[in-house]
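Quick notes on the structure that follows.
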Amino acid sequence: MTAFGSVFMPEMALTRFDGEQWSNFEMVASDSISLHPGAHVLHYASTCFEGLKAFRHSDGSVKIFRMDCNIDRFDQSTELLALPSIDREQTRTMIMEVVKRFASEVPEVPGSLYIRPTHIGTEPAIGKAAAPSSTSLQYVLVSPVGDYFAGGADTTLRLLLEEDGLRCSPHMGRIKSGGNYASALFPTLAAKRDLQVDQILFCPNGDVQETGAANFLLIDGDTLITKALDDSFLHGITRNSILTLARDLGMTVEERQLSVDELLERSQKPGCEAALSGTAAVLTPVGTLLHQGREYQVGNGKAGATTSKLRTALNDIQWGLAEDKHDWLTSVSS
Ligand SMILES: *Cc1c(COP(=O)(O)O)cnc(C)c1O
């Protein structure tokens, strides 16, 4: 099996900002771009990206999930990194056109076409450590992906609760930007190696936040608890979708601070469940929490029924098996 995101369609949509305007986008080969070695992005990390999916329905049509939310977040990441403003309409067209171009190659569900819009600062100016790039490049790359749960939907994750370190600088948390992943990598590798965990759940000062690339949700009976939105972490669109579906199912959703103490105490209850949410993994059950050398099983340590119900509710909409009540799908006409 090939790793998630390592196969690409041969073309992508690309546009350049020359300091004054965006070029009309073009479809170009997806295996290379040319950059000056002094390009701003390579030195000062002026880069942001998005991740969204297109799904094939049984009638053959192809639908993109919550595209406008991803464009909003892309626009915001761009602004917070002082990159040239994107042309939202053109970005939308680029996503639609590249998906249309490869519509016949969108895998059957549970597979999908993963879409990766990217925006980087290209100005060759190594003196600009404290100044923005005046030029930039934007492209939309697509990658067919299979079932993330091919390993079995019953495997659960083991997470280290980290109270001292941060995933990234707090004012960068809501930006989907390369530097934030680089910042979480070293501690995550050390925890994987030394403690055999899958991920670190960052809990700065005892406040449960998120992992390196997914949001954290605690499910206690009919109540779903997750950190309220602030600048310090990524505002996941899957998180938002799951909270919406939980409310639709009559659950109580609490967006608030969740302390490590409360998390550990609640997780000991038999019916308790925990999960990570994100576009790639949808909702992945968490079975074990590691804190200060002690292991805590979440509920019975297995994938929970409510986690599975919520994941199914989301997949049913994405896959065209349930009504799209919230208008989350955009049709790609071929
Ligand atoms: C992308 C990402 C998420 C999940 O966001 P989705 O919009 O649900 O895919 C959560 N945390 C981090 C750090 C991320 O990069």
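The values are calculated or read from the model by the stated rules, or taken from the named source; none is laboratory data. Computed from a prediction, not measured in an experiment: that's the story for all the values here. All Cβ positions, even for glycine, are placed from backbone atoms using ideal geometry, and neighbour counts span all protein chains on display. We work out accessible area using only protein heavy atoms, side chains counted, and drop any ligands, DNA or RNA first. Shrake-Rupley method; radii C 1.70, N 1.55, O 1.52, S 1.80 Å.
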| note | Measuring from the longest principal axis of the C-alpha atoms of the chain, the long axis of helix 305-318 (C-alpha) lies at a number of degrees, nearest 10, equal to 20 degrees
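Highest first, please rank the peptides 86-98, 255-267 by the mean number of other Cβ atoms sitting within 10 Å of their residues. Can you show the working numbers first?
Working: 86-98: 19.2, 255-267: 16.0.
Result, highest mean Cβ count within 10 Å first: 86-98, 255-267.
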| request: Take every Cα pair under 8 Å in the chain that's 6+ residues apart, average their separations, divide by the length, and report that relative contact order as a whole percent. | output: 19 percent
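Pop out the Kirkwood hydrodynamic radius of segment 29-104 from its pairwise C-alpha distances, inverse of mean 1/r, in Å to one decimal.
For segment 29-104, inverting the mean 1/r across all distinct Cα pairs yields 14.5 Å.
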| field | Highest to lowest packing among 64-70, 287-293, scored as the average C-beta count within 10 Å | value | 64-70, 287-293
| Selection from TYR114, THR15, ALA39, by position along the positive dipole direction of segment 11-145 (Cβ) | TYR114
| task | Can you tell me how much longer the chain between ASN315 and GLN268 gets when fully stretched, taken as 0.36 nm per residue apart minus their C-alpha distance, in nm with one decimal? | result | 14.0 nm
| field | Farthest toward positive dipole pole in the chain [+1 Lys/Arg, -1 Asp/Glu at C-beta], among SER331, SER232, THR279 | value | THR279
| request: Quick one: work out Rg over Rh on the C-alpha atoms of segment 92-176, Rh as Kirkwood radius. | output: 1.11
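Pairs LYS63/LYS192; LYS100/LYS128; LYS100/LYS192; LYS100/LYS325; LYS192/LYS227: which are spaced more than 31 Å apart, C-alpha to C-alpha? If you can, show how the numbers build up before the last one.
On the way: LYS63/LYS192 36 Å; LYS100/LYS128 38 Å; LYS100/LYS192 40 Å; LYS100/LYS325 24 Å; LYS192/LYS227 24 Å.
The answer is LYS63/LYS192; LYS100/LYS128; LYS100/LYS192.
Taking all protein chains as present, what is the carbon and sulfur share of the accessible area of the chain, in % to the nearest whole number, probe 1.4 Å? List each step's numbers first, then the result.
Working: 7460 of 15050 Å².
With neighbouring chains kept in place, the figure for the chain is 50 percent.
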| query | Once phi is turned into ³J(HN,Hα) by the Karplus curve 6.51 cos²θ - 1.76 cosθ + 1.60 with θ = phi - 60°, what whole-Hz value does each residue of segment 245-252 show in order, with x for glycine and proline? | reply | 5, 4, 5, 4, 7, x, 7, 8
| said: Just to check, using Stokes-Einstein with a Kirkwood Rh over alpha carbon pairs, what's the diffusion coefficient of segment 11-145 at 37 °C and 0.692 mPa s in µm²/s? | reply: 214 µm²/s
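Per residue, how much accessible surface does the chain expose to a 1.4 Å probe? Answer in Å², no decimals.
Details: 15050 Å² over 334 residues.
With the other protein chains kept in place, the chain gives 45 Å² per residue.
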| note | Accessible-area order for ASP75, ASP220, ASP194, ASP327, largest to smallest, probe 1.4 angstrom, reads ASP327, ASP194, ASP75, ASP220
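Expressed as cubic angstrom per residue, what is the convex hull volume of the alpha carbon set of segment 152-318? If you can, show how the numbers build up before the last one.
Working: hull volume 17.6 nm³, N = 167.
Considering the Cα atoms of segment 152-318, their hull volume per residue is 106 Å³.
Given 0.36 nm per residue, what is the gain on full extension from PHE8 to LEU80 after removing their alpha carbon distance, in nm? Can you show the working numbers first?
Values: separation 72, 0.36 × 72 = 25.92 nm, distance 2.87 nm.
Here the segment from PHE8 to LEU80 would lengthen by 23.1 nm.
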| remark: Quick calc, ALA190 & ALA131: beta-carbon distance into FRET formula, R0 22 Å, rounding 0.05, result 0.05
| remark: Semi-axes (Å, rounded, descending) of the ellipsoid equivalent to the chain per its C-alpha gyration tensor are 33, 25, 17
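Using the C-alpha gyration tensor of segment 290-334, what are the square roots of 5 times its eigenvalues, in whole angstrom, with the largest one first?
On the way: eigenvalues 261, 31, 12 Å².
In descending order the semi-axes read 36, 12, 8 Å.
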| request: Describe numerically, in nm with one decimal, the distance between label points set 7 Å from Cα along Cα→Cβ at THR93 and at THR252. | output: 5.0 nm
| task | Mind ranking 124-133, 42-51, 76-85 by how tightly packed they are, going by the mean number of other C-beta atoms within 10 angstrom, highest first? | result | 42-51, 76-85, 124-133
| request: Among DSSP beta bridges whose residues both lie in segment 152-318, state the antiparallel percentage, nearest 5. | output: 65 percent
| message | Tell me the Rg and the Dmax, in Å, that the Cα atoms of segment 228-334 produce. | response | 15.7, 55
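So how strong a dipole does the chain carry about its Cα centre when Lys and Arg Cβ are +1 and Asp and Glu Cβ are -1, to the nearest 20 debye?
Details: 29 positive and 42 negative charges, 83 e Å.
I would put it at about 400 debye.
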